[in-house]
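A quick write-up on the structure given underneath.
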Amino acid sequence: YECILTINMDLFNTCRKRSTLGLLAIRRVWCVTRSAHTAPQTVEYRPIKKVMVANRGEIAIRVFRACTELGIRTVAIYSEQDTGQMHRQKADEAYLIGKGLPPVAAYLHIPDIIKVAKENNVDAIHPGYGFLSERADFAQACTDAGVRFIGPTPEVVRKMGDKVEARAIAVSAGVPVVPGTNAPISSLQEAQEFSNTCGFPIIFKAAYGGGGRGMRVVREYEELEENYNRAYSEALAAFGNGALFVEKFIEKPRHIEVQILGDKYGNVIHLYERDCSIQRRHQKVVEIAPASQLDPHLRDRLTADSVNLARQVDYENAGTVEFLVDKHGKHYFIEVNSRLQVEHTVTEEITDVDLVHAQLRVCEGRSLSELGLKQDKIRINGCAIQCRVTTEDPARGFQPDTGRLEGCGDVESCRWRDEGEGDLQRKMERT
């Protein structure tokens, strides 16, 4: 803008002795010129006719439902082991991928997924959650193949997937972060140096992944080496990269996450928060929206920081900004999940916003305002809770287990099923 200003100031100096009307005309020309240069780039609206979900199970079915409601044709992919799975049956079309590969490897096989998409005229791919949902190389592969990725741009996925870079972006956006390393550590010695500076407890986190993998809390020096090695091995196995970073561990925090939604025009809104503090092995077990007994001023800070951070990177589509809140009410940014989350449904329940519909429409080129999604129109209506069933056997030290879910998990609850409705209602009220 410097050159624009200089040119118009020259015009101003040349004409300054002319009439007031002429001066106003010059000023008007400058304003028009500036607005032409600052106006957002026009985005072409391109309707989606066919969507592939590069995932399986519940989330694939959830996206298929939204597509069907919007009149969009659906495509499923499945591994050899998932031939009879429901997500295959719910789609309009279904194709085998990863022939000869184990189940997980099949859903991570990018060349096969892209090949199926191109051969079957798929317009866009929804990654679901897990698998390839936060892989920048997958988002880029979709773009390179001329298939739209229903999510943020590859560059934003890359930035948010790198926790160290995401942390630096948060700092530049003025969002508070937990004290920690500014870059991934590559040796036990660096972890020792950090602990000597910040003290215990500390926590190791995988730099290129989440979901509790590669996370280890260390409370004393004697535990440092073993936990470093375990965290590195877990991260390497889960994400193909064992890089870790270290943070000061916040004792007994609340874990609050804010749902955000952005469009291609630079608009970002939040859909309030969820409380996911009840966890097991860093995996969320109970999700509540909105967070109960959350100070309104803290809610305002959390949502404002989330929107500011998203705007810092021109965030597009759905995402979640996660925070820890300590016992003093101070909040710290921890990460951004650049995808739809398992728990998106509780946010939908309290805001009456269908997030998958919004994802699809934003990908087509619709603005949030066109979808009727303006911040002052988003309201909390009631509350919602989601509980996850963990397939573990407490009698065997909570080892992973399999089997058919047939009823309640404890004797007292199972006994209720055989009692009259009135007795059951009274027992539930007392509980």
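Observations
- Per-residue SASA entry for residue 49, accessible area with 1.4 Å probe, Å² rounded to 10: 150 Å²
- Length-normalised contact order of segment 273-322 in % [C-alpha pairs under 8 Å, at least 6 apart]: 26 percent
- For segment 44-143, with all protein chains in place and a probe radius of 1.4 Å, 51% of the accessible heavy-atom surface sits on carbon or sulfur.
- Net charge over other residues, Cβ less than 13 angstrom from the Cβ of residue 227 (K, R count +1; D, E count -1): -2
- Probe 1.4 Å, accessible area per residue of segment 128-280, Å²: 41 Å²
- Seen through its C-alpha gyration tensor, with square-root eigenvalues sorted a ≥ b ≥ c, segment 309-358 comes out oblate because a/c lies at 1.5 or above while a/b is not bigger than b/c.
- Qualifying lysines (Cα of each under 28 Å from Cα of residue 90; at least 8 residues distant if same chain): 49, 50, 99, 115, 118, 284
- Per DSSP, loop trypsin sites (Lys or Arg not before Pro) in segment 269-324 with at most 16 further Cβ within 10 Å: 281
The values are calculated or read from the model by the stated rules, or taken from the named source; none is laboratory data. Fair warning: this is a prediction, and the values are worked out from it, not measured in the lab. Here the Cβ is made from the backbone with ideal geometry for all residues, glycine too, and neighbour counts use every protein chain on show. We work out accessible area using only protein heavy atoms, side chains counted, and drop any ligands, DNA or RNA first. Shrake-Rupley method; radii C 1.70, N 1.55, O 1.52, S 1.80 Å.
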